[in-house]
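Read the structure below first, then the notes.
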Amino acid sequence: MTRAILILVAAVLSTQAQAEPDTVRIPTHHNYQTLIARIETAIANHKMNLVARASASQGAEARGITIPGNAVLMVFRNDFAVRMLNASIQAGIEAPIRLYVTETPDHTATLSYRTPSQVFAPYGSPPLNELARELDPIFADIAREATAP
């Protein structure tokens, strides 16, 4: 690689790290489809709901284009949603909490997410912060279970 390319790659990686300092990233040895299935199981095991899913790679595949797998799994539960909205109507834009699965060049997958505390902190609501502190370990447990060897 030329020096200019190395500098460019370092700059891009540095910018990504700065742009997402609060993002939890967990590389795994699981392939993309397996990690998604494991996350879905972990969501159910922790009594949360998979509210929705979006995937650019599935959309591209439907058009005959292949790109690395990626999916956003949106996770929440109605009792938490009611409490969130009672604490801050504006915070409603943040729910459901998103789990992002990406396929890596070696065909393994990475799970990324922002903790509920990070997501809800900007709203400055003590009841919302309390809710987020309850949600943090639930999402950490989902991530830990899904990404375990």
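The values are calculated or read from the model by the stated rules, or taken from the named source; none is laboratory data. All figures in this text were calculated on a predicted structure; none of them were measured in a lab. Glycine gets a Cβ as well: all are built from the backbone with ideal geometry, and neighbour counts include every protein chain shown.
Data for the structure
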quantity: Qualifying residue in the stretch 59-68 (condition: in contact with a helix residue (DSSP H, G or I) (Cβ under 6 Å, 6 or more places away or on another chain) and under 19 Å from THR23 (Cα atoms)); calculated: no
quantity: Where a residue in the stretch 86-105 is of a type in the set (Phe, Trp, Tyr) and its partner, wherever it lies, is at pLDDT 95 or above, with Cβ under 6 Å and at least six apart; calculated: TYR100/VAL72; TYR100/SER112
quantity: Only one of ALA44, ALA17 that is over 15 Å from the mean Cα position of the chain (by Cα), modelled with pLDDT of 95 or more and either surrounded by 12 or more Cβ atoms within 10 Å (Cβ to Cβ) or in a helix (DSSP H, G or I) (or both); calculated: ALA44
quantity: Residues (among the hydroxyl-bearing types (Ser, Thr, Tyr), farther than 30 Å from THR66 by Cα and part of a loop (DSSP other than H, G, I, E, B)) located in the stretch 94-149; calculated: THR115, SER125
quantity: Members of the stretch 93-135 that are closer than 27 Å to ALA148 by Cβ, loosely packed, with under 14 Cβ neighbours inside 10 Å and of a type outside the set (Lys, Arg); calculated: PRO105, ASP106, HIS107, GLU134
